[in-house]
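Q: The following block contains the structure, expressed as structure tokens.
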Amino acid sequence: MDPARTMINRDRLEALRAEGVTLLDPSTTFIDDSVAIGRGTVVHPGVTLEGRTRIGANCRIRSWVRITDSVIGDHVLVNDSCVIVESQVDDEGRVGPFSHLRPGSHMKAGSHVGNFVELKKTTLGEGSKASHLAYLGDASIGAGVNIGAGTITCNYDGEKKHPTVIEDGAFIGSDSQLIAPVKVGAGAYVAAGSSITDDVPPGALGIARGRQRNILDGRSDRGRSSGIVASSQ
């Protein structure tokens, strides 16, 4: 950073501290002059806040976070190593660690995305959560929804993007693929490990996976020669 820009940043940080913002390590923090931050917010080391970003009161922005042109409500926790771009996180939201909110994403009040979760053009309803290892793109997700680990909305068919709709109170089991366009109704369940290609009615259980077979003496030469048994080394 050139000396003039360093001085501008230092002056900006001093102004924010005077307004009641806590900066734990100003020497590693960069905040654009156009950024607004509410009183009581704590900014940890290594944070970059850019563009038209607005951060509410009493938030905590942990280390190595970059937020660009986004709106963050009050009492929001952004955990370490998150990227938030052109998105909105409402009051009491929780993000990360290691989450990526791409443009057009909106986390409503009290919602939560966790480790290695990516949102793109997705609305996550009030109190909904995707805690681990998920990609949610072009999706509209209602309130009180649980998204299991490893869930993917398969939104791209090679030519066009398609939407996924998950209504209030639905439960999406771990390692599920929702092949858009598709809709999961209110209060419906998707069984873990399913590839859902058709709508799931409200209150129903959608399951789409092969039936397990147990082959007796599966470690025999027959099992190995057929290619059923395999390992990596």
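Q: Loop only per DSSP, at most 14 neighbouring Cβ atoms within 10 Å: give me the trypsin sites (Lys or Arg not before Pro) in region 21-106, ordered by residue number.
A: On the way: sites: Arg39, Arg52, Arg54, Arg60, Arg62, Arg66, Arg94; in loops: Arg39, Arg52, Arg62.
Listed in order of number, the matching sites are Arg39, Arg52.
Q: Give the residue from Ser70, Gly169, Val43 lying farthest towards the positive end of the charge dipole for the chain; charges sit on Cβ (+1 for Lys and Arg, -1 for Asp and Glu) and the dipole is referred to the Cα centre.
A: So the residue furthest toward the plus end is Gly169.
Q: Sequence gap at least 6, Cα distance under 8 Å: using those rules, report the relative contact order of the chain to the nearest whole percent. Walk me through the intermediate numbers first.
A: Values: 699 pairs, mean separation 17.9, N = 233.
Contact order relative to length: 8 percent.
Q: Further question on the same structure: Under the rule of at least 5 residues apart or a separate chain, name every residue whose amide H is placed under 5 Å from the amide H of Ile72.
A: Excluding prolines and chain starts, which carry no amide H, the hits are Arg54, Ile55, Gly56, Val89.
Q: Just the number please: accessible area per residue for region 102-150, 1.4 Å probe, all protein chains included, in Å².
A: Details: 1680 Å² over 49 residues.
Heavy-atom accessible area per residue stands at 34 Å².
Q: For helix 3-18, what angle does its Cα long axis make with the longest principal axis of the chain, in degrees from 0 to 90 and rounded to 10?
A: It is inclined by approximately 90 degrees.
Q: Using only the Cα atoms of region 106-174, build the gyration tensor, take square roots of its eigenvalues as a ≥ b ≥ c, and label the shape rounded, prolate or oblate: rounded if a/c is under 1.5, else prolate if a/b is larger than b/c, else oblate.
A: prolate
Q: Give me the percent of accessible area attributable to carbon and sulfur for region 66-220, probe 1.4 angstrom.
A: 51
Q: A further question follows. Just order 138-146, 16-24, 29-37 by mean Cβ neighbour count inside 10 Å, highest at the front, would you?
A: Numbers: 138-146: 20.1, 16-24: 15.3, 29-37: 17.6.
Going from most to least packed, we get 138-146, 29-37, 16-24.
Q: Which order do the peptides 166-174, 180-188 come out in when sorted by mean C-beta neighbours inside 10 angstrom, highest first?
A: On the way: 166-174: 21.6, 180-188: 19.7.
Output ranking for 166-174, 180-188: 166-174, 180-188.
Q: Which residues' amide hydrogens lie under 5 Å from the amide hydrogen of Val200, considering only partners 5 or more residues apart or on another chain, with H built in the peptide plane?
A: Excluding prolines and chain starts, which carry no amide H, the hits are Lys183, Val184, Gly185.
Q: Please give every one of the aspartates and glutamates within straight-line cross-link reach of Lys183, meaning a C-alpha to C-alpha distance under 18 Å, and leave out same-chain neighbours fewer than 8 residues apart.
A: Asp138, Asp157, Glu167, Asp168, Asp175, Asp198, Asp199
Q: Contour minus end-to-end for Gln212 and Asp11, with contour as 0.36 nm per residue of separation and end-to-end as the Cα-Cα distance?
A: Numbers: separation 201, 0.36 × 201 = 72.36 nm, distance 6.44 nm.
Extra length available between Gln212 and Asp11 comes to 65.9 nm.
Q: Okay, moving on. Give me the Kirkwood hydrodynamic radius of region 85-135, using the inverse of the mean 1/r over all pairs of distinct Cα atoms, in Å to one decimal.
A: The Cα-based Kirkwood calculation yields 10.2 Å.
Q: Semi-axes of the equivalent ellipsoid of region 33-121: what are they in whole Å, largest first, if each equals the square root of 5 times a C-alpha gyration tensor eigenvalue?
A: Working: eigenvalues 53, 35, 34 Å².
Calculated on Cα positions only, the semi-axes equal 16, 13, 13 Å.
Q: Taking a 18 Å limit on the Cα-Cα distance, which of the listed pairs Lys108/Lys161; Lys108/Lys160; Lys120/Lys160 fall beyond it?
A: Table pairs above 18 Å Cα-Cα are Lys108/Lys161; Lys108/Lys160.
Q: Please give the calculated 222 nm ellipticity per residue for the chain, where each DSSP H segment of at least 4 residues contributes -39500 (n - 2.57) and the sum is spread over every residue; nearest 500 deg cm²/dmol? Mind showing how you got there, number by number?
A: Details: 2 runs with 21 residues, N = 233.
After summing the helix terms and dividing by the residues of the chain, the value is -2500 deg cm²/dmol.
Q: OK, next. With unit charges on the beta carbon (Lys/Arg positive, Asp/Glu negative), name the residue among Ala139, Val83, Val113 whose Cα is farthest towards the positive pole of the charge dipole of region 80-192.
A: Projecting each Cα onto the dipole axis, the largest value belongs to Ala139.
Q: Among 194-202, 114-122, 40-48, what's the highest-first ranking by average C-beta atoms within 10 angstrom per residue? Please report the intermediate quantities before stating the final value.
A: Details: 194-202: 16.6, 114-122: 20.8, 40-48: 18.6.
Sorting 194-202, 114-122, 40-48 by mean packing, highest first, produces 114-122, 40-48, 194-202.
Q: Select one label from (1) 152; (2) 132; (3) 162: the one whose number is volume of the Cα convex hull per residue in Å³ as derived from the coordinates shown.
A: Read-out taken from this structure: (3).
Q: Once the Cα gyration tensor of region 13-81 is diagonalised, what are the square roots of 5 times its eigenvalues, in whole Å and ordered largest first, as equivalent ellipsoid semi-axes? If you can, show how the numbers build up before the last one.
A: Details: eigenvalues 37, 36, 31 Å².
Those come to 14, 13, 12 Å.
The values are calculated or read from the model by the stated rules, or taken from the named source; none is laboratory data. Note that this is a predicted model, so its numbers are computed, not measured. Glycine also receives a Cβ, built like all others from the backbone with ideal geometry; neighbour counts cover every protein chain displayed. Calculation scope for accessible area: heavy atoms of the full protein, side chains included, ligands and nucleic acids excluded. Shrake-Rupley method; radii C 1.70, N 1.55, O 1.52, S 1.80 Å.
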